[in-house]
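Data first, discussion second: the structure below is written as structure tokens.
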Amino acid sequence: MSEANEHVKCLIIGSGPAGYTAAIYAARADMKPVLYQGLQPGGQLTETTDVDNFPGYPDGVNGTAMMADLETQARRFDTDVRNGWATAVDFIGSVHRVEFDGGAHVVTADSVIISTGASAKWLGLESEQKFKENGGGVSACAVCDGFFYKGQDVAIVGAGDSACEEASYLAKLCNKVYMIVRRDQMRASRAMQNRVNGIDNIEVLYNTSTDEVLGDDTVTGVRVVNTSGEKHELEIQGFFVAIGHTPNTDIFKGQIDLDPEGYIIQAAPGTGATNIEGVFWSGDCADRTYRQAVTAAGSGCAAALDAERYLAAKGLH
Ligand code: NDP
């Protein structure tokens with residue numbers, strides 16, 4: 001890794017509710033945090049519409065607006081918010097070194113708070129990837145792309161709370177929504193299942209998997225297969241995938257302890273500690289259980305408080 005351009009007291013990687021909350025706490029504690037936003041400033045909440053379960057918003061709040069507010073709040077206390085994508089880290093030894101944008105900028109830090117979040121999973125079909133790359137009708141974000149299929153027929157794969165939420169959203173815009181569920185039941189909460197079942201233009205296909213997304217330049221259909229091996233085609237114009245997320249932790253492999261799915265291992269339950277001194281976790285990169293904006297924000301607060309105590313104990317703050 002190239003020479004560092006800069007040394008900071010507190011470096012925050014990521015700009016979801018976890019990162020910005022960590023920044024607010026770190027900045028107010030005079031740790032002069034530098035926050036790099038990553039490729040998707042604001043994180044996953046910028047892909048959603050209304051957030052109805054974040055305390056303090058009795059009428060709900062638009063996800064993008066909420067993240068803009070969090071950024072403004074972090075800047076109000078002089079957080080140095082920057083564009084940039086962490087491409088490599090070196091946590092071996094006492095100095096924590098992070099490279100951004102392939103080495104364009106290298107920062108060393110007394111403390112690092114990782115808030116890199118998680119990304120959508122894909123089925124992995126070649127046809128899915130083709131239409132995803134060419135913008136021909138495959139998406140992992142109903143809220144971002146549902147509008148393009150107004151009045152048309154679409155399908156969504158998945159059976160968790162996300163899939164139910166996105167199917168309900170699509171049902172408001174589209175003529176018909178097929179929900180492709182691989183087992184004979186959904187994983188989603190009872191409340192979300194009831195919501196889906198109460199919507200007339202959603203048809204749930206249980207015991208069904210996706211065989212192929214069909215079409216030349218744009219999606220014209222999907223071939224599905226049921227557990228008896230029978231295949232049939234549905235005529236659709238949009239294909240949505242909502243099958244969960246993968247933590248954005250590739251660059252930390254071999255640097256800090258990750259579980260088999262790539263989530264950062266919480267070294268001391270109830271704290272922001274990782275197995276590396278001075279490096280803390282916050283948000284979905286280490287949370288496979290709750291994955292909510294409010295729990296991400298809470299863990300961002302905890303990480304900043306833990307970082308402050310760490311710096312004080314080392315005589316660095
Ligand atoms: P989940 O991991 O909960 O669900 C993923 C779903 O995708 C499962 O039903 C799974 O099927 C299915 N799936 C996975 N891989 C495939 C595949 N290859 N082919 C077909 N189906 C597949 O992810 P979510 O994103 O839905 O939710 C993540 C967390 O966020 C959860 O804790 C959820 O409760 C929470 N959440 C809460 C919301 C709210 O409260 N408003 C809204 C959205 C999310 P199977 O069941 O067979 O494994």
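The values are calculated or read from the model by the stated rules, or taken from the named source; none is laboratory data. All figures in this text were calculated on a predicted structure; none of them were measured in a lab. Because the Cβ atoms are built from the backbone with ideal geometry, glycine has one as well, and the counts that use them run over all protein chains shown. Heads up: the accessible areas ignore ligands, DNA and RNA and are worked out on the full protein's heavy atoms, side chains in. Shrake-Rupley method; radii C 1.70, N 1.55, O 1.52, S 1.80 Å.
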Answer yes if at least one residue in segment 34-49 is in a strand (DSSP E or B), surrounded by fewer than 22 Cβ atoms within 10 Å (Cβ to Cβ), within 15 Å of the ligand (Cβ to nearest atom) and within 17 Å of the chain's Cα centre (by Cα), and no otherwise. no
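Can you pull out every residue in segment 277-300 that is on the phi < 0 side of the Ramachandran plot, surrounded by fewer than 19 Cβ atoms within 10 Å (Cβ to Cβ) and assigned to a loop (DSSP other than H, G, I, E, B)? Break it down into steps so the answer makes sense when it comes.
To start, the set of residues in segment 277-300 that are on the phi < 0 side of the Ramachandran plot comprises 277, 279-282, 284-290, 292-300.
Within this subset, residues satisfying the condition of being surrounded by fewer than 19 Cβ atoms within 10 Å (Cβ to Cβ) are 277, 288-290, 292, 294-295, 298.
Listed by number, the residues that qualify are GLU277, ARG288, THR289, TYR290, GLN292.
Scan the strands (runs of 3 or more DSSP E) fully inside segment 92-179 and keep the ones with 1 or more residues being away from the ligand (no atom under 16 Å from the Cβ) and open to solvent by 50 Å² or more (accessible area, probe 1.4 Å). Walk me through how you get there before you give the answer.
Numbers: elements: 96-100, 105-114, 118-120, 153-157.
Once the strands (runs of 3 or more DSSP E) in segment 92-179 are filtered for at least 1 residues that are away from the ligand (no atom under 16 Å from the Cβ) and open to solvent by 50 Å² or more (accessible area, probe 1.4 Å), what remains is 96-100, 105-114.
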Would you be able to say whether some residue in segment 185-205 is in the same structural domain as GLU235 (by TED's automatic domain parsing), more than 30 Å from HIS96 (Cα to Cα), within 12 Å of the ligand (Cβ to nearest atom) and among the hydroxyl-bearing types (Ser, Thr, Tyr)? yes
